[in-house]
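Student: A single structure is presented below for examination.
The values are calculated or read from the model by the stated rules, or taken from the named source; none is laboratory data. It should be emphasised that the depicted structure is a prediction, and the values quoted were computed from it without experimental measurement. Here the Cβ is made from the backbone with ideal geometry for all residues, glycine too, and neighbour counts use every protein chain on show.
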Amino acid sequence: MEIRAPRGTYDILPSQSVKWQYIEKILRETAAGFGYREIRTPMFEHTELFERGVGDTTDIVTKEMYSFLDKSSRSLTLRPEGTASCARALIENRIYSGVLPVKWYYTGPMFRYDRPQTGRYRQFHQFGVEVFGSHSPYVDGEVILLLIRMLEKLGLQDCELHLNSVGCPVCRETYRQKLVSFIEPRTAQLCDDCRTRYDKNPLRVLDCKERTCQAAVQGFPHIIDSLCNDCANHYGVVKASLTEMGVAYVEDHNLVRGLDYYTNTAFEVHIPSIGTQSAVGGGGRYDGLVSACGGPATPGIGFALGLERVLLAMDRHPVREWPDLGLDVLLVVLDENLTVNAMHLLDRLRVADIRADRDYNGRSMKAQLKFADKLGARMVVLMGEDEVERGVLPGRSMDTGQQQEVPQEDLIALIKRILA
Ligand SMILES: [Zn+2]
Ligand SMILES: [Zn+2]
């Protein structure tokens, strides 16, 4: 029986991996330009980290984690997201006692046991950033600006920024009570999940994707009307700094992150043209996260971009040609006796950073030219006994068909001229 990739996973073949390399390059460069440095954390962590750092009432932790016991009976989990690992690394490496804030970015696969659908997989990829060690609302503004600039650089102009503030533990408690009394008479209309959790965590009802729940909470009180002075000021500065930088946003009162360590700013970026699951990225401030993970109280903020969604949006609206990772030169060898000459010539080209290859399967000259075309080679160099004896080599551009014969030692210069 043929073995297939597990449900919710997929191969990124070379025709697609060029796109991934391109996207990752733009994202890395943009983040570096904003002062971020890369952090690489393990693909799996102690399960407890995600229970604490993602929250043991979230769908991610209760339903979607790939957890397993290793051979020493430790409970480990394939990371479902990147922020908890960053917080753990900040604490474990005592980064919090160094120069703050620290700005980190990460990229790589994440794992969630979710129902696979368009743009959603069980192994999926994120690019995320985290800033630890500043409560300044201007940091929030800059983090959001980074997200917008990244999408612009990828050619995604039609994105919509949703913004909200979830306050601090103090003003959120006031709001929680208000919301619970609002929901109480409507519980009959809620889905099972919401009915059991509205009391403990009513903010998550606002976030519920079930239509009945959304209808039930129509007219709900907005959290921004319950913010304390500090939180209202913080939110005001974030909005003003976005406006100052020309970043448009819509206030989204449903955008809540119900966990205690999320504070103040919450945001999401949507690209409506990719369909109902239009969010490509989101994040927010989490001033309580580091202490929830066992470290000293350290403010933080970050976001993660879903790269599958980004790619989907880019494919729907091709605004640029994907970069060519083809071949510069196919060396067409016309006689098997020239194998050693061909080995040396290929090596010289490659050492000179010319992407070069040859046929190894005994194709005829005509078939080698076809092969060059299939590989997307921009040039062919013809090597026959006659040419080798005379110490010359003809190079031919695949675009123009123009052919030029040069002394062997001038070949690299000729190739560079033609490729330029
Ligand atoms: Zn507050
Ligand atoms: Zn619900």
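Student: Among (1) within 16 Å of ligand 1 (Cβ to nearest atom); (2) of a type outside the set (A, V, I, L, M); (3) assigned to a loop (DSSP other than H, G, I, E, B), which single condition is Thr174 missing?
Tutor: Of (1) within 16 Å of ligand 1 (Cβ to nearest atom); (2) of a type outside the set (A, V, I, L, M); (3) assigned to a loop (DSSP other than H, G, I, E, B), only one is false for Thr174: (3).
Student: Now for a different question. Within region 146-195, track down each residue that is closer than 19 Å to Arg257 by Cβ, away from ligand 2 (no atom under 16 Å from the Cβ) and acidic (Asp, Glu).
Tutor: Selection gives Glu160, Glu173.
Student: Restrict the check to region 149-158 and report whether at least one residue is more than 30 Å from Ala313 (Cβ to Cβ) and not hydroxyl-bearing (Ser, Thr, Tyr). Quick ask: steps written out before the conclusion?
Tutor: Residues of region 149-158 that are more than 30 Å from Ala313 (Cβ to Cβ), as a first pass: none.
The answer is no; no qualifying residue exists.
Student: I'd like to check which strands (runs of 3 or more DSSP E) are fully inside region 278-388 and have at least 1 residues that are in contact with a Pro (Cβ under 8 Å, 6 or more places away or on another chain) and charged (D, E, K, R). Quick ask: steps written out before the conclusion?
Tutor: Working: elements: 279-285, 300-306, 327-333, 356-358, 377-383.
Strands (runs of 3 or more DSSP E) meeting the threshold: 279-285.
Student: Moving on. Filter region 203-234 for residues that are surrounded by 12 or more Cβ atoms within 10 Å (Cβ to Cβ) and among the acidic types (Asp, Glu); which is nearest to ligand 1 (Cβ to nearest atom)?
Tutor: Looking at residues that are surrounded by 12 or more Cβ atoms within 10 Å (Cβ to Cβ) and among the acidic types (Asp, Glu), I get Asp230.
Student: Taking the condition within 16 Å of ligand 1 (Cβ to nearest atom) and assigned to a helix (DSSP H, G or I), does Val180 pass?
Tutor: Values: within 16 Å of ligand 1 (Cβ to nearest atom): no; assigned to a helix (DSSP H, G or I): yes.
Considered against the rule, which asks whether it is within 16 Å of ligand 1 (Cβ to nearest atom) and assigned to a helix (DSSP H, G or I), Val180 comes out as no.
Student: While we're looking at this one, here's another question. Looking only at residues that are away from ligand 1 (no atom under 16 Å from the Cβ) and out of contact with any strand residue (DSSP E or B) (no Cβ under 7 Å at 6 or more places or on another chain) in region 253-276, which one is modelled with the highest pLDDT?
Tutor: Of all residues in region 253-276, those away from ligand 1 (no atom under 16 Å from the Cβ) come to 253-255, 267-276.
Still in the list and also out of contact with any strand residue (DSSP E or B) (no Cβ under 7 Å at 6 or more places or on another chain): 254, 273-276.
Working: Asn254: 89, Ser273: 85, Ile274: 85, Gly275: 82, Thr276: 77.
For region 253-276, the residue satisfying everything is Asn254.
Student: Residue under question is Lys200, and the condition is that it be within 16 Å of ligand 1 (Cβ to nearest atom), surrounded by fewer than 19 Cβ atoms within 10 Å (Cβ to Cβ) and among the basic types (Lys, Arg); does it hold? Step through it out loud before you land on a result.
Tutor: On the way: within 16 Å of ligand 1 (Cβ to nearest atom): no; surrounded by fewer than 19 Cβ atoms within 10 Å (Cβ to Cβ): yes; among the basic types (Lys, Arg): yes.
When the stated conditions are applied, Lys200 does not pass them.
Student: Quick check, is Val237 closer than 30 Å to Leu307 by Cβ, in contact (Cβ under 8 Å) with a residue 60 or more places away in the chain and either touching a strand residue (DSSP E or B) at 6+ places or on another chain (Cβ under 9 Å) or within 16 Å of ligand 1 (Cβ to nearest atom) (or both)? If you could, list the steps in order and put the result at the bottom.
Tutor: Numbers: closer than 30 Å to Leu307 by Cβ: no; in contact (Cβ under 8 Å) with a residue 60 or more places away in the chain: yes; either touching a strand residue (DSSP E or B) at 6+ places or on another chain (Cβ under 9 Å) or within 16 Å of ligand 1 (Cβ to nearest atom) (or both): yes.
Judged against the criteria, Val237 is not a match.
Student: Can you confirm whether region 314-326 contains a residue that is within 43 Å of the chain's Cα centre (by Cα) and at pLDDT 95 or above? Walk me through it before giving the result.
Tutor: Looking only at region 314-326, we keep the residues that are within 43 Å of the chain's Cα centre (by Cα), and these are 314-326.
When the remaining residues are screened for being at pLDDT 95 or above, the result is none.
No, the conditions are met nowhere in region 314-326.
Student: Another question, then. Quick one: is Cys293 more than 24 Å from Asp140 (Cα to Cα) and either away from ligand 1 (no atom under 14 Å from the Cβ) or not assigned by TED's automatic domain parsing to the domain that holds Leu49 (or both)?
Tutor: No.
Student: Within region 389-404, track down each residue that is exposed (fewer than 13 other Cβ atoms within 10 Å of the Cβ) and either assigned to a helix (DSSP H, G or I) or of a type outside the set (S, T, N, Q) (or both).
Tutor: Residues satisfying the conditions are Glu389, Arg390, Gly391, Asp399, Gly401.
Student: Which ones in region 1-17 are of a type in the set (Val, Ile, Thr) and either in a helix (DSSP H, G or I) or touching a residue at least 12 places away in the same chain (Cβ under 8 Å) (or both)? Show your work before the answer.
Tutor: Step one: filter region 1-17 for residues of a type in the set (Val, Ile, Thr), giving 3, 9, 12.
Selection gives Thr9 alone.
Student: Select from region 60-93 the residues that are more than 21 Å from the chain's Cα centre (by Cα), in contact (Cβ under 8 Å) with a residue 40 or more places away in the chain and closer than 21 Å to Asp193 by Cα and list them in ascending order.
Tutor: Selection gives Lys63 alone.
Student: Given Ala297, Ala356, Ala342, Ala313, which one is surrounded by 18 or more Cβ atoms within 10 Å (Cβ to Cβ) and either farther than 19 Å from Ala372 by Cβ or basic (Lys, Arg) (or both)?
Tutor: Ala313
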